[in-house]
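Take a look at the structure below.
The values are calculated or read from the model by the stated rules, or taken from the named source; none is laboratory data. What you see is a predicted model, and the numbers here were worked out from it, not measured in a lab. Cβ placement follows ideal geometry from the backbone for every residue including glycine, while neighbour counts extend to all protein chains displayed.
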Amino acid sequence: MDDRRRTAARRSIEGLAFGDAFGERFFGLFRPEAEARRLISERIAPPDPHWHWTDDTAMALELLAVLETHGEVRSQTLAERFAARYKADPGRGYGSGMHALLPRVAATPGEWETLATTLFGGEGSLGNGAAMRVAPLGAWFHDDLDRTAEQAARSARVTHAHPEGVAGAVAVAVAAALSARGEPPAPAAVADRTPDGAVRRGLLAAAGLPPDTDPVAAAAALGNGRMVRADDTVPFALWCAARHPDDLPTALWATAAGLGDVDTTCAITGGVVSARTGTGGLPPEWSERREPLPH
């Protein structure tokens, strides 16, 4: 079972990193947005020859490293790894919450839980950061959906103590687990295992969109991550993954069409779909452009 888990998780993190780096090339680089929309509609890959991944992938790598070592989430270890990764390479596009949190965790790692709960006036972060990194965990625990949800929640609370930040991570992990099992990561099925709240309501709204809805309209209805909240990010990304569960390139192009927080939405979609498909369907030049992952 460990070998199957490891294989699925590594497929997922490769797809996550591709989505992250691909989406980052469209994130705020084109003004006006019409040029980004033109490139996406014509499936013209971003012209930059160097596609660097962001904090989405950096944190996913640390989460996967903990799973590889311990077979489960160890919160203290994960907090220390997140803080060390941030300290070594803080320019990966971390959000304001992580800029506030991770240096303090590095200074007092034993207080990570208290520190996470003090963010944003004591509410904790409801951002999309726990969701963006968690797909490989879902792939790892794909044989047990209950444990997938429990471990995803545990991984989220290290940095995102707000219930919606946790719910976003649970939803993405469950979707990735379903994908790794060869089952459709349908928003309604994911909603069944997602805690009540705004993320779950967004998933149910995604499930209710007409079949002929295009990605731009779906992003307008569900959110595209522009607010950097889990509920504004996860439903659309999982809608895209569910629309194209066997076609990673099409899933990523559809996700990019929503614009917004494109690196994060594409990282989520990529991590979910590739847990099933791998990344073999991507154009060869994408591999030449994307920053490689560490061994």
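A few points about this structure:
- Cross-chain or 6+ apart pairs with Cβ under 6 Å, the stretch 223-244 first and in contact (Cβ under 8 Å) with a residue 40 or more places away in the chain, then among the acidic types (Asp, Glu) and in a helix (DSSP H, G or I): Ala230/Glu164; Asp231/Glu164
- Residue in the stretch 241-251 that is surrounded by 24 or more Cβ atoms within 10 Å (Cβ to Cβ), outside any helix (DSSP H, G or I) and out of contact with any Leu (no Cβ under 8 Å at 6 or more places or on another chain) present: no
- Positions within the stretch 148-157 being surrounded by fewer than 19 Cβ atoms within 10 Å (Cβ to Cβ) and either in contact (Cβ under 8 Å) with a residue 40 or more places away in the chain or not in a helix (DSSP H, G or I) (or both), in sequence order: Arg154
- Condition check for Ala65: modelled with pLDDT of 95 or more, closer than 25 Å to Glu150 by Cβ and part of a helix (DSSP H, G or I): yes
- Inside the stretch 60-112, residues that are acidic (Asp, Glu), surrounded by fewer than 16 Cβ atoms within 10 Å (Cβ to Cβ) and without any contact (Cβ under 8 Å) to a residue 40 or more places away in the chain make up a count of 2.
- Filtered residue count, the stretch 1-58, keeping only those that are in contact with a Leu (Cβ under 9 Å, 6 or more places away or on another chain), outside any loop (DSSP other than H, G, I, E, B) and among the small types (Gly, Ala, Ser): 7
- Top-ranked residue in the stretch 113-147 [being of a type in the set (S, T, N, Q) and more than 14 Å from Thr269 (Cα to Cα); ranked as surrounded by the most Cβ atoms within 10 Å (Cβ to Cβ)]: Ser125
- Filter result for Ala198 (within 21 Å of Thr264 (Cα to Cα) and of a type in the set (A, V, I, L, M, F, W, C)): yes
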